Amino acid sequence: MQLAGKVVIVTGGANGIGRALCERFHAEGAEKLVVADLEGDNAREFASTIDGDAYEVNVRDEAAIAAMVADVEARYGRIDLFCSNAGIIALDGEPWWATSASNETWSAMWDIHVMSHVFAARACLPGMLERGEGYFLNTASAAGLLSQIGDAAYSTTKHAAVGFAESLAITHGDDGIKVSVLCPQAVATRMVNATEDAGDDMVGGTAGVDGVLSPTAVADSVVEGLANEQFLILPHPEVEQYRANKARDYGRWIGGMRKMRRMLNLSTAK
């Protein structure tokens, strides 16, 4: 996909990766960018700088996503690309068990990382299928291919996000629907900053092991990936090797992750 002349919606579009995507898509000549974000004022302020539209949307609310999609289609006749990008992070917390996070955290991550993608596809597919074309870019994480030590809910829901993207691609590829899933490691956003409360080693030892990319660098990778219509977009190329290592010897990979966890001093055997 080339972005010139396209109508694009980006959720989580006022900050971080979403904001960088909007800026880069605007530079590529997108016809209209729709900035959807829970922070409505930020979305409106930012959208005004790229001649975009802004919607204050909670992606956990299916009706709100459906209403936004219907309004954009009424205004511009179509949605060429829907970027389901909103995300959160929380960490397991004490005592650092895989079950430490609250039910509320698990529910929020499931809704934001998985169901929001389902809601977006459910709203957009009728119009896309009628036209015989459309594109979904779903932001997951390298944690969805590997794992994020110290955040079971994040890792689990990001795996599910990758699984749903696979289902979209398998089910609707013959209908003209394209799908890409974005799986970066650490990116210099508020989500990474939020992990600093757990100590710099949490970031440096896991997601940041191969460097913390700027959102702009991630957006560059996305534009290239969309142009090539890649299913997996990996801004950190090392992730492909890690994924291959995991597939080749699952037990050895899990052992290596346990070793890294011990290095982070998150052992539950205290």
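The values are calculated or read from the model by the stated rules, or taken from the named source; none is laboratory data. Here the structure is a predicted model, which is why all the values come from computation and not from measurement. Every residue, glycine as well, gets a Cβ built from its backbone with ideal geometry; the counts of neighbours run over all protein chains shown.
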Practice item. Find the residue count for region 55-83, including only residues that are more than 18 Å from Ser116 (Cα to Cα) and of a type in the set (A, V, I, L, M, F, W, C). Key: 1
Review point. Residues of region 151-174 being in contact with an Asp or Glu (Cβ under 9 Å, 6 or more places away or on another chain) and surrounded by fewer than 23 Cβ atoms within 10 Å (Cβ to Cβ), which ones?
Key: Ala152
Exercise for review: Take Ala67 and decide whether it is free of Cβ contacts under 8 Å to residues at least 40 places away in the same chain, farther than 22 Å from Asp220 by Cβ, out of contact with any strand residue (DSSP E or B) (no Cβ under 8 Å at 6 or more places or on another chain) and small (Gly, Ala, Ser).
Suggested key: yes
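Those residues that are under 21 Å from the mean Cα position of the chain (by Cα), surrounded by 11 or more Cβ atoms within 10 Å (Cβ to Cβ) and outside any loop (DSSP other than H, G, I, E, B), I need them from region 229-263; list them, please. Step through it out loud before you land on a result.
Let us first name the residues in region 229-263 that are under 21 Å from the mean Cα position of the chain (by Cα), namely 229-243.
From the residues that got through so far, the ones that are surrounded by 11 or more Cβ atoms within 10 Å (Cβ to Cβ) too are 229-236, 238-240, 242-243.
Passing the criteria: Leu232, Ile233, Glu238, Val239, Glu240, Tyr242, Arg243.
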Practice item. Tell me which of these Leu182 doesn't satisfy, since it passes every other one: (1) surrounded by fewer than 18 Cβ atoms within 10 Å (Cβ to Cβ); (2) at pLDDT 95 or above. Key: (1)
Point to revise | Residue match in region 124-134 (condition: modelled with pLDDT under 95, in a helix (DSSP H, G or I) and either of a type in the set (D, E, K, R) or buried (at least 22 other Cβ atoms within 10 Å of the Cβ) (or both)) | key: no
Practice item. Check Val192 against each of (1) farther than 22 Å from Cys83 by Cα; (2) among the β-branched types (Val, Ile, Thr); (3) modelled with pLDDT under 95 and name the one condition it does not meet. Key: (1)
Practice item. Any residue in region 242-261 that's closer than 24 Å to Leu232 by Cα: show its pairings with residues that are of a type in the set (A, V, I, L, M) and loosely packed, with under 15 Cβ neighbours inside 10 Å at Cβ separation under 9 Å, as long as the two are six or more apart or on different chains. Key: Lys246/Ile254; Trp253/Ala247
Exercise for review: Tell me, please, whether a residue that is in contact with a Ser or Thr (Cβ under 8 Å, 6 or more places away or on another chain), farther than 18 Å from Val118 by Cβ and surrounded by fewer than 21 Cβ atoms within 10 Å (Cβ to Cβ) can be found in region 34-49.
Suggested key: no
Practice item. Go over the candidates Thr171, Thr206, Thr156 one by one and state the one that is of a type in the set (Ser, Thr, Tyr) and modelled with pLDDT under 95. Key: Thr206
Check your understanding: Counting only residues that are within 17 Å of the chain's Cα centre (by Cα), farther than 30 Å from Asn265 by Cβ and of a type outside the set (Phe, Trp, Tyr), how many does region 70-107 have?
Key -> 5
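If you take just the helices (runs of 4 or more DSSP H) that sit entirely in region 1-87, which of them hold at least 2 residues that are at pLDDT 95 or above and more than 16 Å from Leu137 (Cβ to Cβ)? Let's see the steps before the verdict.
Details: elements: 16-27, 40-49, 62-76.
Hits in region 1-87: 40-49, 62-76.
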Check your understanding: Right, Val118: crowded, with 20+ Cβ neighbours inside 10 Å and within 15 Å of the chain's Cα centre (by Cα) or not?
Key -> no
Check your understanding: So, of the residues in region 40-69 that are closer than 21 Å to Arg24 by Cα and of a type in the set (Val, Ile, Thr), which turns out to be farthest from the chain's Cα centre (by Cα)?
Key -> Thr49
